[in-house]
There are 2 protein chains.
Amino acid sequence: MSKAERVSQAEKATIGLRSLIMEGAFHPNTRLREVALAERLGTSRTPLRQAMDTLVAEGLLERAESGGCRVTSLDIDDICDSIELRGVIEGTAARLAAERGADPELLAQGEALLEGLDRSVAEPANIDFPTYVRLNGKFHNLLAKLPGSAVIQRELERVNRLPLASPTAFLREQDLVPDFMRSLIRAQGQHRAILEAIRDGEGTRAESVAREHARLARNNFAFLTKAEPHLATRIPGLALVTSE
Amino acid sequence: MSKAERVSQAEKATIGLRSLIMEGAFHPNTRLREVALAERLGTSRTPLRQAMDTLVAEGLLERAESGGCRVTSLDIDDICDSIELRGVIEGTAARLAAERGADPELLAQGEALLEGLDRSVAEPANIDFPTYVRLNGKFHNLLAKLPGSAVIQRELERVNRLPLASPTAFLREQDLVPDFMRSLIRAQGQHRAILEAIRDGEGTRAESVAREHARLARNNFAFLTKAEPHLATRIPGLALVTSE
DNA sequence: TAGGACTACAATGTATACAATTATTCGTCA
DNA sequence: TGACGAATAATTGTATACATTGTAGTCCTA
């Protein structure tokens, strides 16, 4: 709080534009006009163009053939593939951590996070959902660090930024899933299994559980969007999905 | 030849800067000075800064804490991890292609490439090496397309651009590896096995062979740099590796 | 009326001027 | 002599002016 974060225009533009896109301010495939957008974001074209480059790298925008950018149009399968890919890389992180032996300090942090997650879902009638979401994010961030490889960490964090791919992307909307409580408890069991396998040096197990964990998210997402499209509109970022 | 490709200043800067870095024009961790570099590349700061953003995304540069960019410093293990990760994603592409059924047209193209590769290594005494390298690159590009997923294709192509991670990154220096011929023939066998498994819908097999295929590259790289560092200097891009 | 070319306009790409920040050097004081 | 600090230089970040490229509309012609 005390730290008056100095924020550059470029960051401001990136954050602002990302928000606009995720909120669905533009239809998929909309061509972005630089002058108008810059004015709307309260900055000039230079940092806006930087922001556009960033969002192209993140997959929210695509370069248009004759210059400029369009808002990415994804379909549900694209997002499922992003989640699958995230699971694959998370699985690799878990496997490498197990094979190489993870830092005990980080493992201890993981244990602490697991206990916090346990507590937040302990009473099925009265779940501390914000806490669960926060700790879940921290747990997955920890997973990226566990193999002690800058490359793996960076690339996993990158894939987490793909539209709707991150472990927390639509978690807060899991109350839309009918057997949501069961899904949450299963997910927490998987968290524990992953960390256990890493601690015990069981690379193959760590990898397969991490993959399965992502598939739980993927299936929830697919169920929501396919079976309950009217509810799915509450998912932020879904505006990128072309309605069909 | 006839097509007079109109090349933008930004592309010129990106290509030029990437070349400089790969050739080892800067030591790892060198801070890049924009005005001097822009002049050296024959362009202005604006497209240069774009190029720097691009190369940051590719992993060749890193943002410095107080603005600007530094040349990335990698160690050998970082590059091994990049190759491992490439193998993991290639394996996923192969598995998904097998599970979903790949486009017969693309599979036929793959068969044709395999035959070309076979021909180029048919006579151990007189290998057509440039052809092998070219077809090998095409084969791996095809692999990225086979699952028919824009997300998978894009992310695999991205990981291929990580420093020294691509399937052809240091292939042309495999003549430095003592049992180079054996390695090449084994790699070609793996190519065939991957395509076979995809065609037969054997996802698990496709994935594991593709992973093993990348590990062959990884091991060759590790051998070269660890056992024969004086020879390894011939590998382009190795300038990114901090000498220790 | 359809097609093509020319013209005017609008949007992007590039260069540069300017502002803000960071690094450096020199001087002074302990 | 060493350390702190102010002044200054160097460098990055931002805005804007300019150049170039794409686009659409209209008018002319077949």
Residue pairs within 9 Å by beta carbon, gap of at least six or interchain, first lying in the range A:30-42 and within 11 Å of A:Leu17 (Cβ to Cβ), second more than 8 Å from DNA strand C (Cβ to nearest atom) and assigned to a loop (DSSP other than H, G, I, E, B), listed first then second, are A:Leu32/A:Phe26; A:Ala38/A:Ser44
Checked the range A:66-124 for anything more than 16 Å from DNA strand D (Cβ to nearest atom), within 14 Å of chain B (Cβ to nearest Cβ) and outside any helix (DSSP H, G or I); matches are A:Thr72, A:Ser73, A:Leu74, A:Asp75
Filtering the range A:43-63 down to residues that are within 17 Å of the chain's Cα centre (by Cα) and in a helix (DSSP H, G or I) yields A:Thr54, A:Leu55, A:Val56, A:Ala57, A:Glu58
Right, A:Arg49: more than 10 Å from every other protein chain (Cβ to nearest Cβ), open to solvent by 10 Å² or more (accessible area, probe 1.4 Å) and within 16 Å of DNA strand C (Cβ to nearest atom) or not? no
Filtering the range B:2-46 for residues that are under 22 Å from B:Val159 (Cβ atoms), surrounded by 15 or more Cβ atoms within 10 Å (Cβ to Cβ) and either within 11 Å of chain A (Cβ to nearest Cβ) or within 14 Å of DNA strand C (Cβ to nearest atom) (or both) leaves a count of 3
Log entry, pairs with first residue in the range A:140-162 being away from every other protein chain (no Cβ under 12 Å), second being among the aliphatic types (A, V, I, L, M) and not in a helix (DSSP H, G or I), beta carbons closer than 7 Å, six or more apart or on different chains, reads A:Leu146/A:Ala102
Taking the range B:219-244 and keeping residues open to solvent by 60 Å² or more (accessible area, probe 1.4 Å) and closer than 14 Å to B:Ala165 by Cβ leaves B:Pro236
Picking from A:Gly87, A:Gly101, the residue that is more than 13 Å from DNA strand C (Cβ to nearest atom), touching a residue at least 60 places away in the same chain (Cβ under 8 Å) and over 18 Å from the mean Cα position of the chain (by Cα) would be A:Gly101
Any residue that is at pLDDT 95 or above, over 20 Å from A:Ala98 (Cα atoms) and open to solvent by 10 Å² or more (accessible area, probe 1.4 Å) - is there at least one of those in the range A:136-144? yes
All-but-one check, B:Ile76 against (1) at pLDDT below 95; (2) farther than 12 Å from B:Pro163 by Cα, failing number (2)
Condition set within 13 Å of DNA strand C (Cβ to nearest atom) and surrounded by 14 or more Cβ atoms within 10 Å (Cβ to Cβ), scope the range B:53-63, selection nearest to the other protein chains (Cβ to nearest Cβ): answer is B:Asp53
Over the range A:175-218, the set of residues surrounded by fewer than 15 Cβ atoms within 10 Å (Cβ to Cβ) and farther than 19 Å from A:Gly91 by Cβ is A:Asp175, A:Pro178, A:Asp179, A:Phe180, A:Arg182, A:Ile185
Kindly indicate whether any position in the range A:69-77 is more than 21 Å from the chain's Cα centre (by Cα) and within 16 Å of DNA strand C (Cβ to nearest atom).
yes
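The values are calculated or read from the model by the stated rules, or taken from the named source; none is laboratory data. Only a predicted model underlies this, so the values are computations on that prediction, with no experimental measurement involved. Positions of Cβ are generated from backbone atoms using ideal geometry, with glycine treated the same way; all protein chains shown enter the neighbour counts. Note: areas computed on protein heavy atoms with side chains; ligands, DNA, RNA excluded. Shrake-Rupley method; radii C 1.70, N 1.55, O 1.52, S 1.80 Å.
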